[in-house]
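All remarks here apply to the structure that follows.
We did not get these values from a lab; they are worked out from the coordinates using the rules stated. Computed from a prediction, not measured in an experiment: that's the story for all the values here. As a convention, Cβ positions derive from the backbone with ideal geometry for all residues, glycine included, and neighbour counts pool all protein chains shown.
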Amino acid sequence: MVRGGGGEELLPAWALVGGDTRYVNINADGYHNKFLMHSTYELAVSPATNLWVAATAGKYAPTGEVELRRHYILLNAHENVSVRWGRFFPAYGIMSPDHTLATRSGIGWRQDAETYNAEISVHGSIGELFVTTLFGGEEEVRLSKKRGYRIKGDETGTTIRGALFLGDTLQAGGSYWFGSTMEQDWLVAGAFAQWAPIPSLYGSIELDRRTVMSDPERPHADVSWTEVGYEVWRGVHLKASHEYYGGQRWRATLQLFPVTHVEILLRSEYAPSKTVSHTILLHTWL
């Protein structure tokens, strides 16, 4: 996002603006599709010291309708303490923007799964801690003869994410998520780590287990994601990853940053049942 304030800045100091567009081309065994995944714009304003109000609006596949999926109020109550309320993804594990990862969609953080939350975070030089209360996300408006119109949140719960900064290039932590709907209660817990032993080499790993508390007979669902990346040249990255969610999946990715605000991903994905290749073009506005 572009920050305003002073000199030749485009915006005043109390405003931020940004956004991005993502286009996807998919080729699989007997299947081909290309589409605009999303095109979004985000605006944040600061009506008072240490207070920010942010909202993101955009068009998303497959409907292409304008949606307001993320919006929140952020208060930096202290140098090391922040409070946030609104609709967003709660902090859990490695917050990758790729919602197709096993550690995202495999445990319920699918696309358009943002919930209404109240979050408090504490952060410092040795680590950070996020505690979030979920009030629901997929609202359902019902008409009741006794109570009139009422809005029911589909998903409630609590998430906790903590991480320690073990030096300048290593962080490790764990996450907890208890969730509840009208159909079931579940518990997800796991650990994660990210490390960059040298500036051009980096890696991530996350392991999670999902347990349906309301159905003790249902087996645990284990998910994992491991990725190693290497910057072979400025703006040129090679990545290899492995995922597990009831089966194996391997990915090889070429990530390019040809010019400012443009990212290109060329990815080949293999699983025992199919092979898929993706071309993803991401353009970040400002």
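Descriptive notes on the structure:
- Test: residue in region 28-39 that is touching a strand residue (DSSP E or B) at 6+ places or on another chain (Cβ under 8 Å), among the small types (Gly, Ala, Ser), in contact (Cβ under 8 Å) with a residue 12 or more places away in the chain and surrounded by 17 or more Cβ atoms within 10 Å (Cβ to Cβ): yes
- Leading residue by the ranking (nearest to ALA193 (Cα to Cα)) among those in region 155-182 that are of a type in the set (A, V, I, L, M, F, W, C) and part of a loop (DSSP other than H, G, I, E, B): LEU166
- Flag for LEU254 being in contact with a His (Cβ under 9 Å, 6 or more places away or on another chain), of a type outside the set (Lys, Arg) and surrounded by 13 or more Cβ atoms within 10 Å (Cβ to Cβ): yes
- Scope region 256-277; condition under 17 Å from THR21 (Cβ atoms) and either touching a Leu at 6+ places or on another chain (Cβ under 7 Å) or without any contact (Cβ under 8 Å) to a residue 24 or more places away in the chain (or both); matching residues: LEU256, PHE257, PRO258, VAL259, THR260, VAL262, GLU263, ILE264, LEU265
- Some residue of region 229-244 being touching a helix residue (DSSP H, G or I) at 6+ places or on another chain (Cβ under 6 Å), under 30 Å from GLU155 (Cα atoms) and surrounded by 15 or more Cβ atoms within 10 Å (Cβ to Cβ): no
- Only one of THR63, THR115 that is polar (S, T, N, Q) and surrounded by fewer than 16 Cβ atoms within 10 Å (Cβ to Cβ): THR63
- Residue within region 87-109 that is part of a strand (DSSP E or B), under 17 Å from the mean Cα position of the chain (by Cα) and touching a residue at least 12 places away in the same chain (Cβ under 8 Å) present: yes
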